[in-house]
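First comes the structure, then the notes that go with it.
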Amino acid sequence: MDSWNIRNMRNICGGDPEGKIVMLMDFTKRPGDVADPWYTGNFEATWRDVLEGCQALLDRLAKGCD
């Protein structure tokens, strides 16, 4: 997900007063956009970003269940 997606989701949802719309990479140590292969053609970088983001999200969820 990138900043453009966030803006669109906030517009569609009428804002985000509870702060529930976040980017996947925000769960990692390097917040920001997921690499976009549409522009770079680098699907490996996108895969690494998504994997790292999902692992970090799952870690956060697991800690919340303790």
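Could you grab me the full set of residues in the stretch 1-12 that are open to solvent by 100 Å² or more (accessible area, probe 1.4 Å) and aliphatic (A, V, I, L, M)? Within the stretch 1-12, Ile12 is the sole residue that qualifies. Those helices (runs of 4 or more DSSP H) of the chain in which 1 or more residues are among the basic types (Lys, Arg) occupy 3-13, 43-64. Being open to solvent by 90 Å² or more (accessible area, probe 1.4 Å), touching a residue at least 12 places away in the same chain (Cβ under 8 Å) and among the charged types (D, E, K, R) is the requirement here; does Arg60 meet it? In short, yes. When the stretch 13-38 is filtered for residues that are farther than 15 Å from Ser3 by Cα and either open to solvent by less than 50 Å² (accessible area, probe 1.4 Å) or of a type in the set (Ser, Thr, Tyr) (or both), the ones remaining, listed by number, are Thr28, Pro37. Note on the stretch 39-57: residues that are among the hydrophobic types (A, V, I, L, M, F, W, C), open to solvent by 50 Å² or more (accessible area, probe 1.4 Å) and over 11 Å from the mean Cα position of the chain (by Cα) total 2.
The values are calculated or read from the model by the stated rules, or taken from the named source; none is laboratory data. Because the structure is a prediction, the values reported are computed rather than measured. Heads up, the Cβs are rebuilt from the backbone with ideal geometry, glycines too, and the neighbour counts pull from every protein chain shown. These area figures cover heavy atoms from the full protein model, side chains too; ligands, DNA and RNA do not enter into them. Shrake-Rupley method; radii C 1.70, N 1.55, O 1.52, S 1.80 Å.
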